[in-house]
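Engineer: Right, I'll just put the structure down here and ask away after.
Rule-based calculations on the coordinates, nothing more; no lab input. Since the structure is predicted, the reported quantities are computational estimates derived from the model, not experimental observations. Every residue, glycine as well, gets a Cβ built from its backbone with ideal geometry; the counts of neighbours run over all protein chains shown.
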Amino acid sequence: MKVAIVGRLEDYEEDYPFNKRYTIDYPFREMFDVLNILIIPILSRINIEEIESMCDALILPGSAIGVDPKYYNDVPFPGKEYKYDEYKLDKEVIDLFVKAKKPILGICGGMQTLNVYFGGDLNQNVLNHQLEDNSKHKAKIMQDSFLYSVYQKEDIEINSFHRQAVRKLANNFKVTATSEDGIIEAIEYGNIIGVQWHPEALKDIEFFDKFFKTFVK
Amino acid sequence: MRIAIIERLDKEEGEAPFEVTYYLNNYYKEIFDKLDILLIPVISENRLEEVFELCDGLILTGGKNDVYPKYYNEEPIKERTYDTFDEFPFVKKAVEIFNKAGKPILGICAGIQELNVIFGGTLNQSIPNHSFKKYNIDKHEIEIKKDSFLYKVYNTENMKVNTYHSQSVKNVAPNFKVTAVSKDGVIEAIENGNIVGVQWHPEAMYDTKLFGEFFKTFVK
């Protein structure tokens, strides 16, 4: 199996002139080695059709930047800067994988991208969802969801590193997990799944394994 | 055409759980967009053979993690510690797979150093005056040998390049020839057929010509 992952832009000013980079977080490599899945990172729209045809699924990972609110007809929250536009490439890649009916997993910022892509919008200023590494909060999972098939229970604990969240839910999607303070923690629509937490940072191999086993044809 | 490119590891302290990342500089994206070549970034040694099947050539990018001297049978010099990621076994495996089938390999900065060690050469562990921080303003002169791939690209014996390194090629690997040197005698390029290493960063100079010519010349 091969899985495409969109690289995320980061600016490491102290490394100038090598500051602007596409990044993939290390835990993805660790987990995908265990699952024996080849990761194909995406950086550019050049020839992404070839990547779509060779890959079985797409992952939109978390982003340090976020979706520019112009894409859901809103303005930036005061003080929030959207330095690079990652949405354009995300959108083209999603187009291709949706057309091919291949599964898509959005993680944190990637879930927000999916929600915007399918017509929803975002809350740009969520409080109390920036936890320390290894801290967790509770979330409630809806029965009859992909997530329930993974965890087989309604109450789970997840990490949390985000300032934005799903506000208006995208058309056709259902909310399949919420936090105790009412933040949408997961959305699903068939083989398109978004989670607001970072399962890769929890080394939640079971989650990824189940995703591919359930949805990759 | 598809080209495999090694992503490098870096660690940003205090960013846990996101502190360790694989990265590729934006320069490569921009250059390969211009050349209309699909880059396949490589982050794992798992299933490298499949990456090889998909790709026509390999690029070793520059990185922050020096080759441990044990790989060329030397001890670390006393002013130098090697406590960063050891990327050498992964890079070596990729080079061996591509080299076995005669596919071209281009090594940049740390990449030339890795190529030299993989094919049996050694490195200077600390050289002065080769790390210029003023981006593309501070350059130094190098001399290019005629009858080399580099001469074919630039058509000149003297050119200026950027420089961001603290190690360099010492004993050149067997069968390689030195095809560029700086005025202070540092080896700036080595070549052996379709395996080429350069000590500077052509990507940071947006040197599309070097990359374009490399693949045009060597990809069958």
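Engineer: Do you know the relative contact order of chain A, to the nearest whole percent, from alpha carbon pairs under 8 angstrom that are 6+ apart?
Structural biologist: Relative contact order comes out at 20 percent.
Engineer: Ok, one more. Per-residue Cβ counts within 10 Å, from other chains only, averaged over A:122-135: what number is that?
Structural biologist: 1
Engineer: Report, by chain and number, residues whose modeled amide H sits under 5 Å from the one on B:VAL169, excluding near sequence neighbours (fewer than 5 apart, same chain).
Structural biologist: B:ASN124, B:ILE187
Engineer: Translational diffusion coefficient of chain B at 25 °C, 0.890 mPa s, Stokes-Einstein with Kirkwood Rh over Cα pairs, in µm²/s as a whole number.
Structural biologist: Value of D from the Cα-based Kirkwood radius: 139 µm²/s.
Engineer: Now for a separate question. With 18 Å as the cut-off, how large is the P(r) tail for the stretch B:1-109, expressed as percent of Cα-Cα pairs?
Structural biologist: 54 percent
Engineer: Continuing with the same structure: Please sort by residue number the trypsin sites (Lys or Arg not before Pro) in the stretch B:149-211 whose DSSP state is loop and whose Cβ has at most 12 other Cβ atoms within 10 Å.
Structural biologist: Here the trypsin sites (Lys or Arg not before Pro) that fit, given the DSSP loop and packing criteria, are B:LYS183.
Engineer: Just to confirm my numbers, what's the Cα centroid distance between the stretch A:41-100 and the stretch B:94-157 in Å?
Structural biologist: Comparing the Cα centres of the stretch A:41-100 and the stretch B:94-157, I get a distance of 35 Å.
Engineer: Moving to a separate point now. Just to confirm the filter: which GluC sites (Glu not before Pro) across the stretch A:133-217 are DSSP coil and have at most 11 other Cβ within 10 angstrom of their Cβ?
Structural biologist: Listed in order of number, the matching sites are A:GLU180.
Engineer: May I pose another question? In terms of the Cα gyration tensor, with a ≥ b ≥ c the square roots of its eigenvalues, is the stretch B:69-172 rounded because a/c is under 1.5, prolate because a/b exceeds b/c, or oblate?
Structural biologist: Since a/c reaches 1.5 but b/c is at least a/b, the shape of the stretch B:69-172 is classed as oblate.
Engineer: Can you give the mean number of other chain Cβ atoms that lie within 10 Å of the Cβ atoms in peptide B:26-32?
Structural biologist: Partner-chain Cβ atoms within 10 Å, mean over residues of B:26-32: 5.
Engineer: Still on this model: In peptide B:59-71, how many Cβ atoms from other protein chains are near each Cβ within 10 Å, on average?
Structural biologist: Per residue, the average neighbour count from other chains is 0.
Engineer: Per residue of the stretch A:187-195, what does 6.51 cos²θ - 1.76 cosθ + 1.60 with θ = phi - 60° give for ³J(HN,Hα)? Whole Hz please, x for Gly and Pro, Karplus curve as stated.
Structural biologist: Karplus-based 3J(HN,Hα) across the stretch A:187-195 equals 9, 9, 8, x, 8, 10, 10, x, 10 Hz.
Engineer: Quick one: dipole size for chain A, taken about the Cα centre, charges +1 on Lys/Arg Cβ and -1 on Asp/Glu Cβ, in debye to the nearest 20.
Structural biologist: Here chain A has a charge dipole of around 640 debye.
Engineer: Can you work out the Karplus-derived ³J(HN,Hα) for every residue in the stretch A:6-19? Use 6.51 cos²θ - 1.76 cosθ + 1.60 with θ = phi - 60°, whole Hz, and x for glycine or proline.
Structural biologist: My calculation for the stretch A:6-19 gives 6, x, 10, 7, 9, 10, 9, 3, 5, 9, 3, x, 9, 7 Hz in order.
Engineer: Could you run the Karplus curve 6.51 cos²θ - 1.76 cosθ + 1.60 with θ = phi - 60° over the stretch A:176-183 and give me ³J(HN,Hα) per residue in whole Hz, x for Gly and Pro?
Structural biologist: Computed from phi, the couplings for the stretch A:176-183 are 10, 7, 9, 7, 5, 8, x, 7 Hz.
Engineer: Just the projected area, averaged over all directions, of the convex hull on the alpha carbon atoms of chain A: how many nm²?
Structural biologist: 12.0 nm²
Engineer: Can I ask one more? Tell me, Kirkwood radius of the stretch B:37-81 from alpha-carbon pair distances, in Å?
Structural biologist: After inverting the mean inverse Cα-Cα distance, the result is 13.6 Å.
Engineer: Given C-alpha coordinates of the stretch A:1-64, what is the ratio Rg to Rh with the Kirkwood estimate of Rh?
Structural biologist: Dividing the radius of gyration by the Kirkwood radius yields 1.02.
Engineer: Right, something else. If every alpha-carbon in the stretch A:79-121 counts as one equal scatterer, what log10 I(q)/I(0) does Debye give at q = 0.16, 0.19, 0.32 1/Å?
Structural biologist: Those come out to -0.44, -0.60, -1.28, one per q.
Engineer: How big is the protein assembly as shown along each principal axis, measuring the range of its Cα positions in Å and listing the largest first?
Structural biologist: The Cα atoms of the protein assembly as shown stretch 69, 42, 41 Å along their principal axes.
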